[in-house]
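**Student:** Mind having a look at this structure? Questions to follow.
The values are calculated or read from the model by the stated rules, or taken from the named source; none is laboratory data. What you see is a predicted model, and the numbers here were worked out from it, not measured in a lab. Here the Cβ is made from the backbone with ideal geometry for all residues, glycine too, and neighbour counts use every protein chain on show. For the accessible areas, the whole protein counts, side chains as well, though only heavy atoms, and no ligand, DNA or RNA atoms are used. Shrake-Rupley method; radii C 1.70, N 1.55, O 1.52, S 1.80 Å.
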Amino acid sequence: RQAKALGHGLMSAYNRSLGRLGQRALEHDLRAAISTDQLFLVYQPKVDFDTRALVGCEALLRWQHPSLGLIAPCDFIPVAEESGVIVQLGRWTLDEACRQIRQWLDAGKDGPGVAVNLSPRQFLHGDIVETVRTSLAAHGVPGNLLELELTESVAVCDVDRVIAIMHELKRLHVSLSIDDFGTGFSSLSYLMRLPVDTLKIDRSFICDLVTDQRAQALVKGVIDICDGLGMNVIAEGVETAAQASLLSVLGCSTMQGYLFGRPMSPDQFEDALQAVSD
Ligand code: C2E
Ligand code: CA
Ligand code: CA
Ligand code: CA
């Protein structure tokens, strides 16, 4: 197999050595992965820092490659995007997330909401609304338990079309959030036209929060804007207690990050749910 020929070991090496041929090998392997159970989702908790409640989770994609081992999304999502495989990948991910939500509902786990990442190409592909509707229906999942995370870059395309799709998704009662907020190049007024429920403040701002006045001012600004517009705000990449308490003081109590939990298997996530309800 081409992937094997590229050598085993580190995915970064695999990625670095990707020529056009390598890219095609990866693409080929990725198509196979979808139909042969090599993909799985891990779940990272979203918590309310003030009440310590678990408020939901984000589903993150992983690929257990037969010869290369575990591959992180940053090493295959771009290839999937470029080749278009992302559309099939996205269908799988949405369906798997809904299957998991159903399983938690059936187990009486009080249905934590699950957020799924959608890349721009997936979102703008003709049948995203149908895909979401189908996955929800197939597993009997109420839309309000599903959240879709989109990066700002989706809005630099055709904003009217983006807004129209968003409204259709909202009719399914799913919630929408802007991921990695602050890292794109879209203007604030542009973004504010989007019917989204939540802004996720990017990790890069949280990283410097405690030491950098400018990061603090920026984060405070975003929190206040959300407050004023009646939107939810969540900070991602929270790693230290100092960051968490500062965020809380600034008015953002919903957080996600290694401080509260790494992305974990469904089993581990159930234990976390259990621990909260005990
Ligand atoms: P993202 O959506 O911004 O996801 C958050 C990433 O930050 C995850 O990396 C997560 O493991 C990591 N993270 C969470 N908390 C912390 C923290 O406290 N510190 C640090 N340093 N990192 C933290 P991951 O799982 O490697 O995912 C990377 C990116 O790949 C995601 O960024 C997302 O853009 C993309 N991705 C992941 N799953 C999917 C998917 O199913 N579909 C699509 N289209 N993209 C996905
Ligand atoms: Ca995300
Ligand atoms: Ca993010
Ligand atoms: Ca990020």
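**Student:** Over the residues of the chain, compute the C-alpha Rg and express it relative to 2.2 N^0.38 Å.
**Tutor:** 1.02
**Student:** Related question: Could you give the accessible area per residue of the chain, probe 1.4 Å, as a whole number in Å²?
**Tutor:** With all protein chains present, the chain gives 47 Å² per residue.
**Student:** Would you work out if region 170-278 is rounded, prolate or oblate? Take a ≥ b ≥ c from the square roots of the eigenvalues of the alpha-carbon gyration tensor; rounded if a/c is under 1.5, else prolate when a/b is larger than b/c, oblate otherwise.
**Tutor:** oblate
**Student:** State the antiparallel share, in %, of DSSP beta bridges confined to the chain, rounding to the nearest 5.
**Tutor:** 40
**Student:** With +1 on each Lys and Arg Cβ and -1 on each Asp and Glu Cβ, and nothing else charged, work out how big the dipole of the chain is about its Cα centre, in Debye to the nearest 20.
**Tutor:** Computed about the Cα centre, the dipole is about 700 debye.
**Student:** I would also like to ask the following. Any idea how far apart ASP158 and LEU172 come out in nm if each label point goes 7 Å out from Cα toward Cβ?
**Tutor:** 2.0
**Student:** Could you give the length gained by full extension between LYS109 and LEU124, i.e. 0.36 nm per residue of separation minus their alpha carbon distance, to one decimal place?
**Tutor:** Difference between extended and current length: 2.1 nm.
**Student:** Here is a follow-up. In the chain, how many lysine pairs have Cα atoms under 19 Å apart, counting only pairs 8 or more places apart or on different chains?
**Tutor:** 4
**Student:** Let me ask you something else. Accessible area of the chain with a 1.4 Å probe: how many percent of it is carbon plus sulfur?
**Tutor:** 52
**Student:** Say R0 is 45 Å: what FRET efficiency, to the nearest 0.05, do LEU218 and ARG62 get from their beta-carbon distance?
**Tutor:** 0.90
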